[in-house]
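Have a look at the structure below, then the notes.
What follows is calculated from the coordinates using simple rules that are stated; it is not laboratory data. What you see is a predicted model; the values in this text were computed from it and never measured.
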């Protein structure tokens, strides 16, 4: 498994990913639009795609 809390940050809804990780107690999936400072501090690892990073940069600029 994945040690520590892991956040999958996604640019758009991905039902397959959500179904794949829903039973993993230390994994959460979140859309970029819903990201806040608490989520960043709560999770030890953040997993995202280059597309998601681009969308996050647009949101923060």
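General remarks:
- Theoretical gain in end-to-end length, residue 47 to residue 31 [0.36 nm per residue, Cα-Cα removed]: 4.6 nm
- Separation of segment 9-29 and segment 34-52, taken as the distance between their Cα centroids, equals 12 angstrom.
- Orientation-averaged projection of the chain equals 4.2 nm² [convex hull of Cα atoms, one quarter of hull surface area].
- Relative contact order of the chain: 45 percent, from C-alpha pairs under 8 Å at least 6 residues apart in sequence.
- If the segment from residue 57 to residue 17 were pulled out straight at 0.36 nm per residue, it would be longer than the present Cα-Cα gap by 12.2 nm.
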